[in-house]
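The values are calculated or read from the model by the stated rules, or taken from the named source; none is laboratory data. These numbers come from a predicted model, not from an experiment. So basically every Cβ, Gly included, is an ideal-geometry build from the backbone, and we count neighbours across all protein chains shown. Just so you know, the surface numbers come from the protein's heavy atoms only, side chains and all, with ligands and any DNA or RNA stripped out. Shrake-Rupley method; radii C 1.70, N 1.55, O 1.52, S 1.80 Å.
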Amino acid sequence: MDKTLTIRLDEAQDKALADRAAALGKTKSELVRDLIEKGLEEQPLGRRIGHLKGRLGLAAPKTGWQRQIKDRNWR
């Protein structure tokens, strides 16, 4: 590693970070590097929001024009 980043954490954040790192068998620095790498990873929109698929429940169209829009909507 050739760069250093200094951040400030409150006690609760530091404890949570230390606990998670210990549970994974990593140092806090290794865990932070992994989290930063994952956070900066480019992912297609479908992959980032895939967990939301099917979550929105809509009422059935009640009027004729709403039914036409639904029937003609290719998505």
Practice item. Residues being open to solvent by less than 90 Å² (accessible area, probe 1.4 Å) and of a type in the set (Asp, Glu): count how many of those fall in the stretch 30-75. Key: 2
Check your understanding: Any residue in the stretch 20-29 that is loosely packed, with under 11 Cβ neighbours inside 10 Å and not in a helix (DSSP H, G or I)?
Key -> yes
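Only one of these is among the small types (Gly, Ala, Ser) and out of contact with any helix residue (DSSP H, G or I) (no Cβ under 9 Å at 6 or more places or on another chain): ALA60, ALA18, ALA23. Name it.
The unique qualifying residue is ALA23.
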Practice item. List every residue pair whose Cβ atoms lie under 7 Å apart, where the two residues are 6 or more positions apart in sequence or sit on different chains, the first residue falls within the stretch 6-29 and is at pLDDT 95 or above, and the second residue, located anywhere, is part of a loop (DSSP other than H, G, I, E, B) and among the hydroxyl-bearing types (Ser, Thr, Tyr). Key: ALA21/THR27
